[in-house]
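Just below is one structure, and these are the notes that go with it.
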Amino acid sequence: MIRRDVFQAIADPTRRTILALIALQAMTPNALAEHFDSTRQGVSKHIKVLTECQLVKKEQSGREIYYHLNPKKMKEIADWLEPFRKMWENRFDKLDQLLSEMQSRKNNKK
């Protein structure tokens, strides 16, 4: 069995769209496939990757299988990204401050 990496899984735009769709509501593979210009089998391959990475959980309801977002796994990703988000926010804050100072100097010279 191939060991899937969660970041490889979310790197694909189709898989990110699937995650966004099922974040709103649980969906069947057929319902998900309606949102793409690919076959149901193609969408199923993406669902399989997301399931293997535990980003998605499946639930049987009668004959249908519904896929749900796994918020615990998504939180792991968010927690891992948090220090990077803080770093970039800090850098953007410093850039804003620098631009404000430059604008202030420009206005004072007039």
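Quick one: length gained pulling Met87 to Arg4 fully straight, 0.36 nm per residue minus the C-alpha distance?
Length gained, Met87 through Arg4: 27.1 nm.
For the range 6-69, which semi-axes, largest first and in whole Å, follow from the square roots of 5 times the eigenvalues of its Cα gyration tensor?
17, 14, 10
Expressed as an acute angle from 0 to 90° and rounded to the nearest 10, what is the orientation of the C-alpha long axis of helix 13-24 relative to the principal long axis of the chain?
80
Using Cα positions and a limit of under 26 Å, work out the lysines in reach of Lys58, with same-chain residues fewer than 8 apart set aside.
Output for Lys58: Lys45, Lys48, Lys72, Lys73, Lys75.
Is there a quick way to get the dipole size of the chain? I mean about its Cα centre, with the Cβ of Lys and Arg at +1 and of Asp and Glu at -1; what is the value in debye to the nearest 20?
340
What do you get for the angle between helix 40-52 and the principal long axis of the chain? Use alpha-carbon atoms, 0 to 90 degrees, nearest ten.
The helix 40-52 is inclined about 70 degrees to the chain.
Tilt of helix 71-109 relative to the longest C-alpha principal axis of the chain, in degrees (0 to 90, nearest 10)?
20
A short reminder: the numbers here are calculations on the coordinates, not readings from a lab. The structure presented is a predicted model; accordingly, all values stated were derived computationally and were not measured. Using ideal geometry, Cβ is built from the backbone for each residue, glycine included, and neighbour counts are taken over all protein chains shown.
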